[in-house]
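The values are calculated or read from the model by the stated rules, or taken from the named source; none is laboratory data. Note that the coordinates shown come from a computational prediction; the quantities given were computed from them, not determined experimentally. A quick note on method: Cβ atoms are made from the backbone with ideal geometry, for glycine too, and the neighbour counts reach across all protein chains shown.
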Amino acid sequence: MKLYQNYIFKKIAITFVAITSILVSLIWFTRIISFIGYITESGVEIKQFFVLLVLILPWLLLFIIPIALCVTVIVIYWRLISHNEIVILKNSGIANYALAKPAILIGIISTLFCLSISLYIMPYANKQLRVSKTVISNNYDSLAIAAKTFIYNIKNMVIYVQKRDGDNLSGIFIYDNRSKDNSAAITAKSAKAEVQNGSIILYLQNGTLQKYDRTNNKAEVLSFASYSFNLNERGSEDINKLVWSAKERYIHELLNPQDVTLNEDQQKRIRNEIHKRFIYPLFSFIFSFVGVAAMLGGAFNRRGNSLPVLIAGGIVSTFLITEMLLITLAESNTKLVTLPYLNPLLFMIISCYLITRNPMRTQRKIVKS
């Protein structure tokens, strides 16, 4: 690229990263409120909490990047116009397309990055998020054991702990009624809780196990020096039996689903998801192209001119509303599946027309003495 193009490109890149970081932080802050219950109610570790926040980042970036890029392009070119830098470059014989090249280039880079998010990173993160939530639901609900309180939130079990110091417990009582064939009452002087292979294991010390067999109506009492008790024996099994939704599948899993039990509605969602994976990344390029076209295609006024900004915002809003409408129509009627792809092409043509039809011109004010 030319020296002036590198200059514009760096300005766009730095501002784009800053705006994207601000938007991600704001949305993260709102999501923290919804996730805070995992810590206060379920006893989830802070580390696991931040893992959940990181896993929602790819989905956020897929929609934040186009918006941040559009705002960045409009702001940077508006500043260049206001400071007469664009006018100086145009008076040097530089065409609008050469001035738009930095914005178009960063739009292409962002599109490729969003495409990698859409095809691989996002489904991977969604799968890990689903697994993490399942582990939390199965296990950390069990780990949230308060001292001197009977815990009933664990399915078919009651737990009471006299004293708790971190993972070290003392004065434990457990009533286990998960099995249809028998029930058990366990008491122990002390125990330690550990997370292993997706399950919470209690290592009990010095206690008794009272087991009642419902099949023959017999009871037995056993004393033990050490005994390991799994609070959730179904944790790993539940994870292995997860059926991935359309948003949690890689592109090759969408193109060739191996699930033989998928109903018609699930198959329809998979088909629609395939198109969304390729359409959404195009937003970055369209938003940047429309933004720079509107800014460079407008008239220049030394006093400032907000009209190009309004035009850019209007075109981008129109594209977004139209695209969402066409995607909805394509989901309901497979014959209209090409329309969401034609809409970006139409707005690219409009952007090219804006640059070539109405090149920026300098409006000189004649001052009468």
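Let's see how each residue does on (1) surrounded by fewer than 20 Cβ atoms within 10 Å (Cβ to Cβ); (2) more than 28 Å from Trp28 (Cβ to Cβ); (3) touching a Ser or Thr at 6+ places or on another chain (Cβ under 8 Å); (4) not small (Gly, Ala, Ser):
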residue: Leu57; (1), (2), (3), (4): yes, no, no, yes
residue: Leu60; (1), (2), (3), (4): yes, no, no, yes
residue: Ile67; (1), (2), (3), (4): yes, no, no, yes
residue: Thr72; (1), (2), (3), (4): no, no, yes, yes
residue: Val75; (1), (2), (3), (4): yes, no, yes, yes
residue: Ala95; (1), (2), (3), (4): yes, yes, no, no
residue: Ala98; (1), (2), (3), (4): yes, yes, no, no
residue: Pro102; (1), (2), (3), (4): no, yes, no, yes
residue: Gln128; (1), (2), (3), (4): yes, no, no, yes
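Pick from segment 162-175 the residues that are within 13 Å of Gly207 (Cβ to Cβ) and surrounded by 15 or more Cβ atoms within 10 Å (Cβ to Cβ): which of them is farthest from the chain's Cα centre (by Cα)?
By that ranking, first place goes to Gly171.
Enumerate the pairs (first residue in segment 99-126 and at positive phi; second residue anywhere and modelled with pLDDT of 95 or more) with beta-carbon separation below 6 Å, excluding pairs fewer than 6 apart on the same chain, so at least 6 apart or on different chains.
Within 6 Å, no pair qualifies.
For a quick check of your reading of the model, give me the residue pairs whose first member lies in segment 170-185 and is in contact (Cβ under 8 Å) with a residue 12 or more places away in the chain and over 18 Å from Arg214 (Cβ atoms), whose second is among the charged types (D, E, K, R) and surrounded by 17 or more Cβ atoms within 10 Å (Cβ to Cβ), with beta-carbon atoms closer than 9 Å and at least 6 apart or on different chains.
Close Cβ pairs (under 9 Å, with a partner that is among the charged types (D, E, K, R) and surrounded by 17 or more Cβ atoms within 10 Å (Cβ to Cβ)) amount to Ser170/Arg164.
Determine which member of the set Ser142, Ser34 is part of a helix (DSSP H, G or I) and either crowded, with 17+ Cβ neighbours inside 10 Å or at pLDDT 90 or above (or both).
Exactly one of Ser142, Ser34 is part of a helix (DSSP H, G or I) and either crowded, with 17+ Cβ neighbours inside 10 Å or at pLDDT 90 or above (or both), namely Ser142.
Does segment 259-266 include one or more residues that are in contact with a Ser or Thr (Cβ under 9 Å, 6 or more places away or on another chain), assigned by TED's automatic domain parsing to the domain that holds Phe9 and either loosely packed, with under 13 Cβ neighbours inside 10 Å or modelled with pLDDT under 80 (or both)? Steps first, please.
If we filter segment 259-266 for residues that are in contact with a Ser or Thr (Cβ under 9 Å, 6 or more places away or on another chain), which is where we start, we get 266.
Adding the requirement that they be assigned by TED's automatic domain parsing to the domain that holds Phe9 leaves 266.
If we keep only those that are either loosely packed, with under 13 Cβ neighbours inside 10 Å or modelled with pLDDT under 80 (or both) as well, we get 266.
Within segment 259-266, one or more residues are in contact with a Ser or Thr (Cβ under 9 Å, 6 or more places away or on another chain), assigned by TED's automatic domain parsing to the domain that holds Phe9 and either loosely packed, with under 13 Cβ neighbours inside 10 Å or modelled with pLDDT under 80 (or both).
Within segment 44-55, track down each residue that is surrounded by 13 or more Cβ atoms within 10 Å (Cβ to Cβ) and at pLDDT below 75.
Matches in segment 44-55: Val44, Glu45, Gln48, Phe49.
Looking only at residues that are surrounded by 14 or more Cβ atoms within 10 Å (Cβ to Cβ), hydroxyl-bearing (Ser, Thr, Tyr) and touching a residue at least 40 places away in the same chain (Cβ under 8 Å) in segment 303-353, which one is farthest from Lys101 (Cα to Cα)?
Going through the qualifying residues, I end up with Tyr341.
Among the numbered criteria (1) modelled with pLDDT under 70; (2) in contact with a Leu (Cβ under 9 Å, 6 or more places away or on another chain), which one does Lys133 miss?
(1)
In this structure, does Ala188 turn out to be of a type outside the set (S, T, N, Q) and modelled with pLDDT under 85?
Against the criterion (of a type outside the set (S, T, N, Q) and modelled with pLDDT under 85), Ala188 does not qualify.
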